[in-house]
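Contents: one structure, followed by commentary.
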Amino acid sequence: MTLKKFSQISEQELLKLARSNIMEMNFCGITEYATKSVELLGQLLKLPLVENHINSSHAMTNFEDLSSGVRERLLQYTVLDDILYNEQTENFERQYLS
């Protein structure tokens with residue numbers, strides 16, 4: 001359903017929609033700053049939250065371990081994700097770490 005719903009939207013419009021959705025959120029944590037993100041979310045919710053590593057994987061495949069064809073396809077499919085992630089990482093660092 002999601003692919004059908006958004007298949008007629010240009011990449012720029014999809015990016016604009018995603019940015020708008022993110023702006024509607026009260027908080028957007030960043031994986032690389034997981035501990036700080038959990039701490040800040042706890043403060044926002046007024047709950048004592050702790051970072052949980054139960055679901056973390058120790059046997060992750062590295063991007064470099066994938067075939068060049070798979071890496072290329074992943075990069076093509078995640079261009080907009082990378083843009084959003086980089087923007088949100090910069091926002092997080094500016095807002096919470098500076």
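The values are calculated or read from the model by the stated rules, or taken from the named source; none is laboratory data. Because the structure is predicted, anything quoted here is derived from the model rather than measured. Heads up: the accessible areas ignore ligands, DNA and RNA and are worked out on the full protein's heavy atoms, side chains in. Shrake-Rupley method; radii C 1.70, N 1.55, O 1.52, S 1.80 Å.
Based on the alpha-carbon gyration tensor of segment 43-88 and its eigenvalue square roots a ≥ b ≥ c, which shape applies: rounded if a/c is under 1.5, prolate if not and a/b is larger than b/c, or oblate? Oblate. For residue 30, nonlocal amide neighbours, meaning residues 5 or more places apart or on other chains whose placed amide H falls under 5 Å from its own, are 37.
I need the fraction of alpha carbon pairs in the chain separated by more than 18 Å, rounded to a whole percent. The calculated P(r) of the chain puts 64 percent of pairs beyond 18 Å. For segment 72-80, the Karplus equation 6.51 cos²θ - 1.76 cosθ + 1.60, evaluated at θ = phi - 60°, returns couplings of 4, 5, 4, 5, 5, 6, 10, 4, 5 Hz by residue, with Gly and Pro reported as x. When nucleic acids and ligands are ignored and a 1.4 Å probe is applied, residue 53 ends up with an accessible area of around 120 Å².
The heavy atoms of residue 82 offer some 70 square angstrom of accessible surface to a 1.4 angstrom probe. Multiplying the residue separation of residue 72 and residue 97 by 0.36 nm and subtracting their alpha-carbon distance yields 5.7 nm. Ranked from largest to smallest solvent-accessible area, with a 1.4 Å probe on the protein heavy atoms, 17, 47 come out as 47, 17.
Helix 11-23 axis versus longest C-alpha principal axis of the chain: approximately 10°, rounded to the nearest ten. The value of relative contact order for the chain, using C-alpha pairs under 8 Å at least six residues apart, is 29 percent. Each residue was assigned an accessible area with a 1.4 Å probe, and for residue 31 the value is about 110 Å².
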